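One structure is given below, encoded as structure tokens.
The values are calculated or read from the model by the stated rules, or taken from the named source; none is laboratory data. In this text the structure is predicted, and so the values were computed from the model without any measurement. Note: ideal-geometry Cβ built from the backbone for every residue, glycine included; neighbour counts use all protein chains shown. Areas reflect the complete protein model, heavy atoms only, side chains present, ligands, DNA and RNA absent. Shrake-Rupley method; radii C 1.70, N 1.55, O 1.52, S 1.80 Å.
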Amino acid sequence: MEQDIVIKVDNVTKNFKLPHNKNNSVKSAVINFYKRNKSYDLQKAVNNVSFEVKRGEFFGIVGRNGSGKSTLLKLLAGIYSPTNGNINIQGKLIPFIELGVGFSPELTGRENVFLNGALLGFSRKEMEVLYKDIVDFAELSKFMNQKLKNYSSGMQVRLAFSIAIRAKSDILLIDEVLAVGDAAFQTKCFDYFVELKKTDTTVIFVSHDRGSLERFCDNGILLNEGTVIESGTMQKVLSAYSEIIMEELSHNQTPTVNENTTDFEAEKNINSGEAVITDIKTINNTGGKKSKFNYGEEIAIEFKVLIKKTVINPIVGVTVWQKNIDRAIFATNTMIEGIKQSGKFTNGETIYFKANIPPGLNDGEYYTEPAVSNESGTLFFDRKQKATTFFISGSNNPHSLISTREKIVFNKIT
Amino acid sequence: MFKRIFSKQNIILVKELVRTDFKLRYQGSVLGYTWSLLRPLLIFIILYIVFVKFLKVGAGIPHYPVYLLLGMVMWNFFLEMTMMSLGSIVGRGDLIRKIRIPRWIIVISSSLSAVINFLLNLVVIAIFMIANHVSISWSVLFLPLIFFEVYVFSLGISFFLSAAFVKFRDINYIWEVFLQAGFYITPILYPLSRISNHTYQKLMILNPMAQTMQDARYSIITHQTITSYALFNNGYYIYIPFLIVLITLLIGATYFKKSSKFFAEEI
């Protein structure tokens, strides 16, 4: 039983000293030495963390940004050494903190394959044998004699990944590698994981993607501010994870666009000035403002439109987006609902709008996007992307986008 | 311990890093590797014109042009190796932050790049020795040992500088000044016999670079070279340069080992 544990992390703490005045030159080091000015902030990136990973296990590490996940991974990889505590690792470990480590843009693709291989512990001879496989898998045989700097980033990632999956090791550390690459590449990654699961390779997997964590990981831990706040089965860990996220969001939810979200930042919210949307709320059937809903609960979105200039027959509506797939899953507006002549509004008047969200939405995170436009829908007076976020949880069948009980037919054909 | 240091993986890695360094060095230059040979050749021409024809500093020393070139090549090796190693850890910061490889491999591989260059320069020296009809004696056998001493000395300094540079980014300027000073207090351009004060002569030869340079000249070019053995009459003082080399390596390696744990977070 004992030998089945391949990673044993025992009360590991990692502190970073963040000096107020970094001694980056000899002069300041000398001056500060005499001043005895050694003021610094102690940042506990990882604080008293313990866990064990068994052979062949897929182990997930989740947590918000800055919770210490990457530091922990680097400790496991031996890149950082712990301030306190012990890390015991049995077997060969290969870290993929990043794909294509050591890639040199001035060398050709071919030369980079050998260099990267050497960093993973393969000799030139061993790489010669694997070379054709790697190039075929990356689908880059035409480009191998070109310098890496002429590759697109996608091509670089493909090449790096092809090398990486050839590296046979007992333990793999994977840090959000899947965040890069297109859909086809991600599918390849997942196929590779499925293959890995059949072997007795141990995988430590750090990700934000609930879907893949849920699909592949058996056990895991949840980190928050450097400490483990939940451990055990992945399901248990993930539900604790959504809880802290919801808590966080309900604390700083504002009716305007959430500034913390980066995904949509590039797209500007449109506001031509004739009208402004305010007081956007997600509410339940009693009218109480909420952002966390139980599966099956009635959900409605309401907001107000303040008119600034005279407008005739504006269209008012709302779209709901599912975060993970980044797709609109529901949209309604006054025109769709047949209100063609919504009327004339002048400066100072206010419109109240409310729309019910269809039942059956499954567990997940959703965004609302209210909008008001001119009569033909060609000009947005105001549109707020990602105006509010709401969560649904508690479904007993959470593996699809919607979950409704439809009648099925089930017969044996004779 | 030796098994760990010379493990298959470490050797693979050093080979591959040296190969990369070498390929990248002359990237984009028309003559490419030829520069490794051309550079000492051009330097030689300059030295020859200035010191042999104009200043005549080496009058009385046989084969003085080659004598001069050997000193220059050895000094350049020391300079190149320490300067290249100094920035090696910071320059490979991307590797250090993302993968676990023994840190010293990076310093070793950059030092080996300098060694390769040095060996190419030695080819040029050999050509000049033949052209100058320098007669080879059995003492040429000491040459590898002498060069090894230079390598060990440079390595000790390299370990120290590369680790210190992670924390203190003005080390390279300081080291440049040191090198400049070293260039003049080492008998590279002038023969040691030119220093008339014997105490100064003795002090100067305690510098491992001066000691090795004189030894190398003695063993392959001309026995008319003042060596530490002659100066100190084989007294105990002759061991001082070796002791300096050893202590340098010890301090350098210890400091490197101690601080290498924190490279990833400090770069």
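Among A:Glu230, A:Glu225, which is the only one that is more than 22 Å from A:Ser162 (Cα to Cα) and without any contact (Cβ under 8 Å) to a residue 12 or more places away in the chain? I'd like the intermediate steps shown before the answer.
Values: A:Glu225 fails: without any contact (Cβ under 8 Å) to a residue 12 or more places away in the chain.
Residue meeting the stated conditions: A:Glu230.
Every residue in region A:101-115 that is open to solvent by 20 Å² or more (accessible area, probe 1.4 Å) and either within 11 Å of another protein chain (Cβ to nearest Cβ) or β-branched (Val, Ile, Thr) (or both), please. Reasoning before the result, please.
Pass one, region A:101-115, residues open to solvent by 20 Å² or more (accessible area, probe 1.4 Å): A:103, A:105-106, A:108, A:110-111.
Within region A:101-115, A:Phe103, A:Pro105, A:Glu106, A:Thr108, A:Glu111 meet the criteria.
Sort out which residues of region A:380-414 are assigned to a loop (DSSP other than H, G, I, E, B), under 30 Å from A:Ile339 (Cβ atoms) and touching a strand residue (DSSP E or B) at 6+ places or on another chain (Cβ under 6 Å), and write them in order of number. Please lay out each step first, then the result.
Keep residues of region A:380-414 that are assigned to a loop (DSSP other than H, G, I, E, B), which gives A:384-387, A:394-401, A:403-414.
Applying the additional criterion that residues be under 30 Å from A:Ile339 (Cβ atoms) yields A:384-387, A:401, A:404.
Correct list: A:Lys384, A:Gln385, A:Lys386, A:Ala387.
I need every pair where a residue in region B:251-267 that is within 14 Å of chain A (Cβ to nearest Cβ) has its Cβ under 7 Å from the Cβ of a residue that is among the hydroxyl-bearing types (Ser, Thr, Tyr) and crowded, with 16+ Cβ neighbours inside 10 Å, sequence separation at least 6 or different chains.
Between residues of region B:251-267 that are within 14 Å of chain A (Cβ to nearest Cβ) and residues that are among the hydroxyl-bearing types (Ser, Thr, Tyr) and crowded, with 16+ Cβ neighbours inside 10 Å, the close pairs are B:Ala264/A:Tyr80; B:Glu265/A:Tyr80.
Just one of A:Val129, A:Val49 is surrounded by fewer than 19 Cβ atoms within 10 Å (Cβ to Cβ) and more than 10 Å from chain B (Cβ to nearest Cβ); which is it?
A:Val129
Looking for something within 14 Å of another protein chain (Cβ to nearest Cβ) and charged (D, E, K, R) - is there at least one such residue anywhere in region A:56-68? Steps first, answer last, please.
First, pick out the residues of region A:56-68 that are within 14 Å of another protein chain (Cβ to nearest Cβ): A:68.
Remaining after also requiring charged (D, E, K, R): none.
Within region A:56-68 (the criterion being within 14 Å of another protein chain (Cβ to nearest Cβ) and charged (D, E, K, R)), the answer is no, since none of the residues qualifies.
Among A:Ile408, A:Ile312, which is the only one that is loosely packed, with under 13 Cβ neighbours inside 10 Å and touching a residue at least 60 places away in the same chain (Cβ under 8 Å)? Spell out the reasoning first.
Numbers: A:Ile408 fails: touching a residue at least 60 places away in the same chain (Cβ under 8 Å).
None of the other options fit; the residue is A:Ile312.
Each row is one residue, and each column tells you yes or no for (1) crowded, with 20+ Cβ neighbours inside 10 Å; (2) in contact with a strand residue (DSSP E or B) (Cβ under 9 Å, 6 or more places away or on another chain); (3) away from chain A (no Cβ under 14 Å).
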| site | (1), (2), (3) |
| --- | --- |
| B:Phe142 | no, no, yes |
| B:Leu155 | yes, no, yes |
| B:Lys167 | no, no, no |
| B:Gly182 | no, no, yes |
| B:Asn197 | no, no, yes |
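Which is touching a residue at least 12 places away in the same chain (Cβ under 8 Å), in contact with a helix residue (DSSP H, G or I) (Cβ under 7 Å, 6 or more places away or on another chain) and buried (at least 20 other Cβ atoms within 10 Å of the Cβ), of A:Thr389, A:Thr368? Outline the logic, then answer.
On the way: A:Thr368 fails: in contact with a helix residue (DSSP H, G or I) (Cβ under 7 Å, 6 or more places away or on another chain).
Among A:Thr389, A:Thr368, only A:Thr389 is touching a residue at least 12 places away in the same chain (Cβ under 8 Å), in contact with a helix residue (DSSP H, G or I) (Cβ under 7 Å, 6 or more places away or on another chain) and buried (at least 20 other Cβ atoms within 10 Å of the Cβ).
Taking A:Thr83, is it under 25 Å from B:Ile89 (Cα atoms), modelled with pLDDT of 85 or more, more than 9 Å from every other protein chain (Cβ to nearest Cβ) and open to solvent by 60 Å² or more (accessible area, probe 1.4 Å)? Talk me through it step by step, then tell me what you get.
On the way: under 25 Å from B:Ile89 (Cα atoms): yes; modelled with pLDDT of 85 or more: yes; more than 9 Å from every other protein chain (Cβ to nearest Cβ): yes; open to solvent by 60 Å² or more (accessible area, probe 1.4 Å): yes.
So A:Thr83 passes the test.
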